[in-house]
Amino acid sequence: MKVLVLGGGGREHALCYMLSKSKDLQALYCIPGNGGISEIAHIPQGISLRDFEKIADFCIREKIDLVIPGPEEPLVNGIRDFLFSKGVVVFGPDRWASQLEGSKAFAKEIMKKAGVLTADFMVFDNYSEAKVYIEKRGTPLVIKADGLCAGKGVFVCDTLEEALKALHDIFVKKIFGDAGNQVVIEEKLEGEEASYIVITDGECFRALPTSQDHKRLLDHDQGPNTGGMGAYSPAPLVTPEIREKIEKNIIAPVLRVLKEEGHPYLGFLYAGLMIVQGEPYVLEFNCRLGDPEAQVILPRIENDFLDLIKNTLNGDLYKFDIKEKKQASLCVVMASEGYPGEYKKGVEIFGLERVKAFEDVIVFHAGTQRVDNRYFTSGGRVLGVTALGDTIPLAIEKAYQVVSLINFDGAQYRRDIAKKALKYLV
Ligand code: AMP
Ligand code: GLY
């Protein structure tokens, strides 16, 4: 099969890595790719991820059998519907179902219909009504811009002042443009977060290995939110009992509602959860794999990855079991100085060749560029150093050993990835 992956982050490198080991893969392409992906996939030049026409032309010309979008933006903008109309097969949800991530108000409505546990909420489309509500209700509360905001649209507010500022920024200053035409205001939940991702054909689903992300920039969950500074899998917080609740009370009813609405969900469905005293609550849905979750989840899957996707497309997922490796995995994200704010690009990365000798270590590239076999930074999150080990502590040790061998000016990373898991391991 000829496969095109869309995206250029660590998640897409992990996708390409898995596909490159699949027996039926004939040729692998990636748009726009990155320095690491360019070692294992062809990168067609001059095609932007936003130019659906050019992507379709490329797929038709190169006889691409399957397109796998990594990030949410093309899905929410309807890449599946567009390419489908041109006869190109896409593994991902259609535009309507992608609103699960594209509109927080839409996601809440679906959850309500499906009877899924989630924070109590109200939706507002104007500033003054929302302001009156907040003043009456008081804090703490969480304010979310409705649309896609590259992970920046959520404000957890402990004081009235913070809440009013967030509301003003969204509605009046329009810092997120039209993505802030509506806001969801919801109750603040206290608990521990986990990511639960399934692969589904809209009816049958199979859970991928569990994982936990680290969204804050600094150790001990301090500092600003980021796209994710590291992850590990499995997440011992998600016990078999909790898994059962997630599948029975969240995934199955949501898939049923989407199907009843005439849009059976195809692809990866990601539930961002808060586990509150043993009960999983949904914070958000994403219509794709997580990043950096994919970097720890995918290497733990033993199945032939392309086979898994092909069978899901053919309606044969029910015949499959996901085989999880016993080993644990851990990903430490190395980011540019200044991230998640402004950062420099074009800084040379050293030490990558030293890492090749390590067994069970994969350095997934995110914001990198390869020029004459030298590597340079080209984004905020630069590398996802991923290690597998027999236990989480062994994976931690190996990943950080490798991190210490790689360097670029201003590199920053968290030192405490997966420390949260240790309390469950005694
Ligand atoms: P979201 O994009 O909706 O997952 O929100 C981003 C982050 O904000 C989450 O990972 C949580 O850390 C936090 N958050 C979102 N909603 C809530 C909530 N209702 N209660 C507490 N924290 C939340
Ligand atoms: N790591 C969080 C996300 O992919 O949304």
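Things to note:
- Enumeration of residues in the range 111-125 that are away from ligand 1 (no atom under 13 Å from the Cβ) and surrounded by fewer than 19 Cβ atoms within 10 Å (Cβ to Cβ): Lys112, Lys113, Gly115, Val123, Asp125
- Within the range 144-163, residues that are among the hydroxyl-bearing types (Ser, Thr, Tyr) have Cβ atoms under 8 Å from residues that are at pLDDT below 95 and away from ligand 2 (no atom under 12 Å from the Cβ) in no pair, counting only partners at least 6 apart in sequence or on another chain.
- Selection count, the range 119-140, where residues are out of contact with any Leu (no Cβ under 9 Å at 6 or more places or on another chain) and free of Cβ contacts under 8 Å to residues at least 60 places away in the same chain: 9
- Candidates are the residues of the range 218-244 that are crowded, with 17+ Cβ neighbours inside 10 Å and of a type in the set (A, V, I, L, M); the one that is nearest to ligand 2 (Cβ to nearest atom) is Ala231.
- Search result, residues across the range 272-326 that are part of a helix (DSSP H, G or I), in contact with an Asp or Glu (Cβ under 8 Å, 6 or more places away or on another chain) and either within 16 Å of ligand 1 (Cβ to nearest atom) or among the small types (Gly, Ala, Ser) (or both): Glu293
- The range 386-415, subset under 20 Å from the mean Cα position of the chain (by Cα) and outside any strand (DSSP E or B), residue surrounded by the fewest Cβ atoms within 10 Å (Cβ to Cβ): Tyr413
- Residues in the range 122-140 include none that are of a type in the set (A, V, I, L, M, F, W, C), within 12 Å of Lys188 (Cα to Cα) and either outside any strand (DSSP E or B) or in contact with a strand residue (DSSP E or B) (Cβ under 9 Å, 6 or more places away or on another chain) (or both).
- Verdict on Thr239 being free of Cβ contacts under 8 Å to residues at least 40 places away in the same chain and closer than 30 Å to Val426 by Cβ: yes
- Residue within the range 342-353 that is within 18 Å of Gly35 (Cα to Cα), surrounded by fewer than 23 Cβ atoms within 10 Å (Cβ to Cβ), of a type in the set (A, V, I, L, M, F, W, C) and in contact with a Pro (Cβ under 8 Å, 6 or more places away or on another chain) present: no
- Taken as a whole, the structure leaves Phe364 outside the set of residues that are in contact (Cβ under 8 Å) with a residue 24 or more places away in the chain, out of contact with any Leu (no Cβ under 9 Å at 6 or more places or on another chain) and either surrounded by 14 or more Cβ atoms within 10 Å (Cβ to Cβ) or part of a loop (DSSP other than H, G, I, E, B) (or both).
- All helices (runs of 4 or more DSSP H) inside the range 1-94 with 1 or more residues being farther than 18 Å from Pro292 by Cα, touching a strand residue (DSSP E or B) at 6+ places or on another chain (Cβ under 9 Å) and touching a residue at least 24 places away in the same chain (Cβ under 8 Å): 52-61, 72-76, 79-85
- Unmet criterion (only one of (1) part of a helix (DSSP H, G or I); (2) surrounded by 22 or more Cβ atoms within 10 Å (Cβ to Cβ); (3) of a type in the set (A, V, I, L, M)) for Leu383: (1)
A quick yes/no check of all residues on (1) surrounded by fewer than 21 Cβ atoms within 10 Å (Cβ to Cβ); (2) within 12 Å of ligand 1 (Cβ to nearest atom); (3) closer than 22 Å to Gly341 by Cα:
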residue	(1), (2), (3)
Cys149	yes, yes, yes
Phe155	yes, yes, yes
Asp158	yes, yes, no
Glu162	yes, no, yes
Asp169	yes, no, yes
Lys173	yes, no, yes
Val184	no, yes, no
Gly191	yes, yes, no
Gly202	yes, no, no
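- Within the range 273-284, if we keep just the residues that are more than 10 Å from ligand 2 (Cβ to nearest atom) and of a type outside the set (Val, Ile, Thr), the residue that is surrounded by the most Cβ atoms within 10 Å (Cβ to Cβ) turns out to be Leu273.
- Output for the range 193-217, where each listed residue is more than 16 Å from ligand 2 (Cβ to nearest atom), part of a strand (DSSP E or B) and in contact with an Asp or Glu (Cβ under 9 Å, 6 or more places away or on another chain): Phe205, Arg206, Ala207
- Scanning the range 254-271 for residues that are away from ligand 2 (no atom under 16 Å from the Cβ), buried (at least 17 other Cβ atoms within 10 Å of the Cβ) and either assigned to a loop (DSSP other than H, G, I, E, B) or within 22 Å of the chain's Cα centre (by Cα) (or both) returns Val254, Leu255, Leu258, His263, Pro264, Tyr265, Leu266.
The values are calculated or read from the model by the stated rules, or taken from the named source; none is laboratory data. Quick caveat: nothing in here was measured; it's all calculated off a predicted structure. Using ideal geometry, Cβ is built from the backbone for each residue, glycine included, and neighbour counts are taken over all protein chains shown.
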